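Taking it in order: structure first as structure tokens, then the write-up.
The values are calculated or read from the model by the stated rules, or taken from the named source; none is laboratory data. Because the structure is predicted, anything quoted here is derived from the model rather than measured. FYI the Cβ positions are ideal-geometry reconstructions off the backbone, even for glycines, and counts take in every protein chain you see. Note: accessible area is taken over every heavy atom of the protein model, side chains too, but ligands, DNA and RNA are not part of it. Shrake-Rupley method; radii C 1.70, N 1.55, O 1.52, S 1.80 Å.
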Amino acid sequence: QVQLVESGGGLVQAGGSLRVSCAASGRTFSSYRMGWFRQAPGKEREFVAVVNWSGGRTNYADSVKGRFTISRDNAKNTVYLQMNSLKPEDTAVYYCAAGQTAWTGSQEYEYWGQGTQVTVPS
């Protein structure tokens, strides 16, 4: 089993920055790819970013590319999402997810965290 716990969400003004974290635990954790997704009210859950723990490969949604950065700390079993130049449309619940062969599709992930709220007022 893989347990995922997000933290660091909050309210930030447009143009500001925020970093959310995802702490992971469980055996064979290093074999899992880690992704960030977000879901706004009334909308489907959408891909944000993903990182491969072993290879350091990353990918981003077009809507956040150049503003968000996913990173990892293998010693701490933690992944981060640094969010800069935040916009009101970034307002959503942000979820951390783990999957052995996952990339950008939500259906590819096996484990999910509880989510953390990020709010950017207009």
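Numbers for the structure displayed
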{"read-out": "FRET efficiency for SER25 and LYS87, using Cβ-Cβ distance with R0 set to 35 Å, rounded to 0.05", "value": "0.60"}
{"read-out": "Scattering curve values for the chain, log₁₀ I(q)/I(0), Debye with Cα scatterers, q = 0.16, 0.19 Å⁻¹", "value": "-0.67, -0.96"}
{"read-out": "Extended-chain gain in nm, criterion 0.36 nm per residue less alpha-carbon gap, LYS43 and SER17", "value": "7.0 nm"}
{"read-out": "Carbon plus sulfur fraction of accessible area for the chain, probe 1.4 Å, in percent", "value": "44 percent"}
{"read-out": "Cross-link reach list, lysines versus LYS43, counting only Cα pairs under 29 Å and skipping chain neighbours closer than eight places", "value": "LYS65, LYS87"}
{"read-out": "Exposed GluC sites (Glu not before Pro) absent: longest stretch of the chain, with sites in DSSP loops and at most 15 other Cβ within 10 Å deemed exposed", "value": "45-109"}
